[in-house]
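Enquirer: For reference, the structure I am asking about is given below.
Here, each number is a calculation from the coordinates, and none is a lab measurement. Owing to the predicted nature of the structure, the values given are computational and were not obtained by experimental measurement. Methodologically, a virtual Cβ is constructed for each residue, glycine included, from the backbone with ideal geometry; neighbour enumeration extends over all protein chains shown.
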Amino acid sequence: MIDYATFREQVAEYLGTDTLLQDVNLMDQGLDSMRAMNLALEWEAEGIPLDFADLAESPTLLGLWTLVEERQGS
């Protein structure tokens, strides 16, 4: 189970930035398809079932965190 701070750090690391806005499309902040797939695989390995389609449908930090919260432990 990951908390919001860890989640945010993971996304920031993949984007190579410390500045992430919660309501801005992560694709606009540099999250390309390869990084998105790698994040989804990392979360899946942690027991959080997310895939690329989920990231595409909820492309903001806040939108993804909502999915992570819903799916942790499922």
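Enquirer: Tell me whether region 4-71 comes out rounded, prolate or oblate; compute the Cα gyration tensor, take square roots of the eigenvalues as a ≥ b ≥ c, and use a/c under 1.5 as the rounded threshold.
Expert: Taking the square roots of the gyration eigenvalues as a ≥ b ≥ c, region 4-71 is rounded.
Enquirer: If you don't mind, there's one more thing I want to ask. Using the per-residue mean of other Cβ atoms lying within 10 Å as a proxy for protection, in what order, highest first, do the peptides 15-27, 45-57 fall? Please report the intermediate quantities before stating the final value.
Expert: Values: 15-27: 12.5, 45-57: 14.2.
Highest-to-lowest ranking by the protection proxy: 45-57, 15-27.
Enquirer: Can you tell me the orientation of helix 33-45 relative to the chain, as the angle in degrees between its alpha-carbon axis and the longest Cα principal axis, to the nearest 10?
Expert: With both axes taken from Cα atoms, the answer is about 30 degrees.
Enquirer: To continue, here is another question. So how far apart, in nm, are the two label points at Met27 and Glu46 if each is 7 Å from Cα heading toward Cβ?
Expert: 2.4
Enquirer: Based on Cβ point charges of +1 for Lys and Arg and -1 for Asp and Glu, what charge dipole magnitude is obtained for the chain about its Cα centre, in debye rounded to the nearest 20?
Expert: Here the chain has a charge dipole of around 40 debye.
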